[in-house]
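The values are calculated or read from the model by the stated rules, or taken from the named source; none is laboratory data. Everything quoted here is computed from the prediction, not taken from an experiment. Reconstructed Cβ throughout: ideal geometry from the backbone, glycine too, with neighbour counts over all protein chains shown. When the accessible area is computed, the model is the full protein with side chains, heavy atoms only, and any ligands, DNA or RNA have been set aside. Shrake-Rupley method; radii C 1.70, N 1.55, O 1.52, S 1.80 Å.
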Amino acid sequence: MHELGVVHTKIDRADRAAVDALAQFGVATIHEAMGRLGLMRPYIRPVYEGARLCGTAVTVLLQPGDNWMLHVAAEQVQDGDVVVAGCVTESEDGFFGELLATSLRSRGARGLVIDGGCRDVDELREMDFPVFARAINAKGTVKATLGSVNVPVNVANALVNPGDVVVADADGVVVVPAARAAEVAEASRRREDAEAGKRTRFEQGELGLDIYDMRPKLAALGLTYKD
């Protein structure tokens, strides 16, 4: 898990068609469709309103207060990737800002997810470079200690392997294992289709009590109605 001082230059990315299919769905839908798995802790938030991303993970293991490995990771980014960074211990320093965003975008990155701090928020908003971070923090970092690139990382309690699909929106961040990307995209489609039918019934005034057939179970548990 914490392999230090290595950059893996070849990773198996999820199928691009499956990634594009997953990009059509929200985090909540994907999380439910995958069996309620894969969510990062809710403290990882978009640094500006409207940020959203979906792509394949280039993973980074950082040392606290040191963003050296983000620069190293930029070389490994391909079009459609998302940089996903964890840290060997908790750190809210400002690892990432406008210049690194410019570098990553030039390589085709779709955004960043980091269990650490981010700064230059106004500039990132103007660039529309989506970042999901633990904190917004102007505190700078150094470049002094080795971490790793493209190793498995734990980011906000979610295991992320290189090449996995990472989807993020206002509801949070979810990780889909690369091998399950197509399957989860199809399950997400079925879930959205089912929800569309339920939405129509709710709009027509039906109650969840009846749509979900809750009344028999409630009665069996002893729920009573009194005038």
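Suppose we keep only residues that are of a type in the set (Gly, Ala, Ser) and outside any strand (DSSP E or B) within region 107-141. Which one would you say is nearest to Val84 (Cα to Cα)?
Initially, region 107-141 is screened for residues of a type in the set (Gly, Ala, Ser), giving 108-109, 111, 116-117, 133, 135, 138, 140.
Checking the rest, the ones that are also outside any strand (DSSP E or B) come to 108-109, 111, 138, 140.
Working: Gly108: 14, Ala109: 11, Gly111: 9, Ala138: 20, Gly140: 19 Å.
Selected residue: Gly111.
Name, by its number, the condition in (1) buried (at least 22 other Cβ atoms within 10 Å of the Cβ); (2) under 16 Å from the mean Cα position of the chain (by Cα) that does not hold for Ala135.
All conditions pass for Ala135, except number (1).
Right, Ile30: touching a strand residue (DSSP E or B) at 6+ places or on another chain (Cβ under 8 Å) and within 27 Å of Gly97 (Cα to Cα) or not? Lay out the reasoning, then the answer.
On the way: touching a strand residue (DSSP E or B) at 6+ places or on another chain (Cβ under 8 Å): yes; within 27 Å of Gly97 (Cα to Cα): no.
It is false that Ile30 is touching a strand residue (DSSP E or B) at 6+ places or on another chain (Cβ under 8 Å) and within 27 Å of Gly97 (Cα to Cα).
Restricting to helices (runs of 4 or more DSSP H) lying wholly in region 178-227: which have 2 or more residues that are at pLDDT 95 or above, among the small types (Gly, Ala, Ser) and open to solvent by less than 70 Å² (accessible area, probe 1.4 Å)? Write out each step before concluding.
Details: elements: 181-203, 208-211, 215-220.
Because the criterion is at least 2 residues that are at pLDDT 95 or above, among the small types (Gly, Ala, Ser) and open to solvent by less than 70 Å² (accessible area, probe 1.4 Å), the helices (runs of 4 or more DSSP H) in region 178-227 that meet it are 181-203.
Name the one entry in Gly50, Gly65, Gly108, Gly80 that is surrounded by fewer than 24 Cβ atoms within 10 Å (Cβ to Cβ) and more than 27 Å from Phe25 (Cα to Cα). Quick ask: steps written out before the conclusion?
On the way: Gly50 fails: more than 27 Å from Phe25 (Cα to Cα); Gly108 fails: more than 27 Å from Phe25 (Cα to Cα); Gly80 fails: more than 27 Å from Phe25 (Cα to Cα).
Answer to the selection: Gly65.
Report yes if some residue within region 142-160 is surrounded by fewer than 12 Cβ atoms within 10 Å (Cβ to Cβ), among the aliphatic types (A, V, I, L, M), more than 18 Å from Val83 (Cβ to Cβ) and in contact with a strand residue (DSSP E or B) (Cβ under 7 Å, 6 or more places away or on another chain); otherwise report no.
Yes; the residues of region 142-160 include at least one that is surrounded by fewer than 12 Cβ atoms within 10 Å (Cβ to Cβ), among the aliphatic types (A, V, I, L, M), more than 18 Å from Val83 (Cβ to Cβ) and in contact with a strand residue (DSSP E or B) (Cβ under 7 Å, 6 or more places away or on another chain).
Does region 83-105 hold any residues that are in contact (Cβ under 8 Å) with a residue 60 or more places away in the chain and open to solvent by 10 Å² or more (accessible area, probe 1.4 Å), and which are they? Steps first, please.
First, pick out the residues of region 83-105 that are in contact (Cβ under 8 Å) with a residue 60 or more places away in the chain: 84-86, 88.
Passing the criteria: only Val88.
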